[in-house]
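Beneath this line is the structure, given in structure tokens, with notes to follow.
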Amino acid sequence: MIAEAAAGLTAIRHISDLTRGLKDLSDQTKINAAIIDIQTAALDLQKSIFELNRERDQLYAENQELRQKLSNSAEKSADLDRYELKDFGSQTFAYVPKDGHSGSEPNHCLCANCFGNGIKSILQFEHITSVKQNKFLCHTCGKETFLGTPQEWKSTKGAKMSDPLWDL
């Protein structure tokens, strides 16, 4: 971009010099040659201006794209800031909405793996294990997550999501 601007200034100086020299010419052939030189310099100037405009348009488009990415990133960050890491016992973790930030959304957990990568991926409940842990699956990264403290083995027959371990 700087090179094109310098070329444009050089072309302007060249046109100015040629024009000054034109007043001292008396021979028509020399005058015609000087006019051709001026026209050539003017074309070079137009080319430089065209290149500068093209580069400016390209930089403007890149700027707009970066602004959009920054805006999207800020929105995404604000959304992720609504969550906090919760320990469900026995070092089992997932992200849950902070108190007062769940809005109209139902109780849910986000995958800690995806959350660390800036992705909001809701864990899908699969079943209660034989040691009374809730098993979840992240459909984004495929990670299985077990939440809750394992308990002594008991029959899980009749276990349902309203049991105490399902306390999000």
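Selection of the stretch 129-148 for residues being crowded, with 19+ Cβ neighbours inside 10 Å and outside any loop (DSSP other than H, G, I, E, B) yields Asn134, Phe136, Thr145, Leu147.
Return the total of residues in the stretch 26-67 being of a type in the set (Asp, Glu) and farther than 18 Å from Ala6 by Cβ. Working first, answer last.
Residues of the stretch 26-67 of a type in the set (Asp, Glu): 27, 37, 44, 51, 55, 57, 62, 65.
Cutting the leftovers down to farther than 18 Å from Ala6 by Cβ gives us 27, 37, 57, 62, 65.
The qualifying residues number 5.
Residues of the stretch 121-141 that are under 24 Å from the mean Cα position of the chain (by Cα) and of a type outside the set (A, V, I, L, M): Ser121, Cys138, His139, Thr140, Cys141.
Can you tell me which residue in the stretch 114-128 is farthest from Lys143 (Cα to Cα), limited to those that are in a strand (DSSP E or B) and not charged (D, E, K, R)? Break it down into steps so the answer makes sense when it comes.
Applying the first criterion (in a strand (DSSP E or B)) to the stretch 114-128 yields 122, 124-128.
Then drop every residue that is not not charged (D, E, K, R), which leaves 122, 124-125, 127-128.
Numbers: Ile122: 12, Gln124: 11, Phe125: 12, His127: 15, Ile128: 16 Å.
Result: Ile128.
Every condition in (1) in a helix (DSSP H, G or I); (2) touching a helix residue (DSSP H, G or I) at 6+ places or on another chain (Cβ under 7 Å) holds for Tyr95 except the one numbered (1).
Laboratory data are not the source of any read-out in this text; all were calculated from the coordinates shown. No experiment lies behind these values; they were computed from the predicted model shown. All Cβ positions, glycine included, derive from the backbone under ideal geometry; neighbour counts span all protein chains shown.
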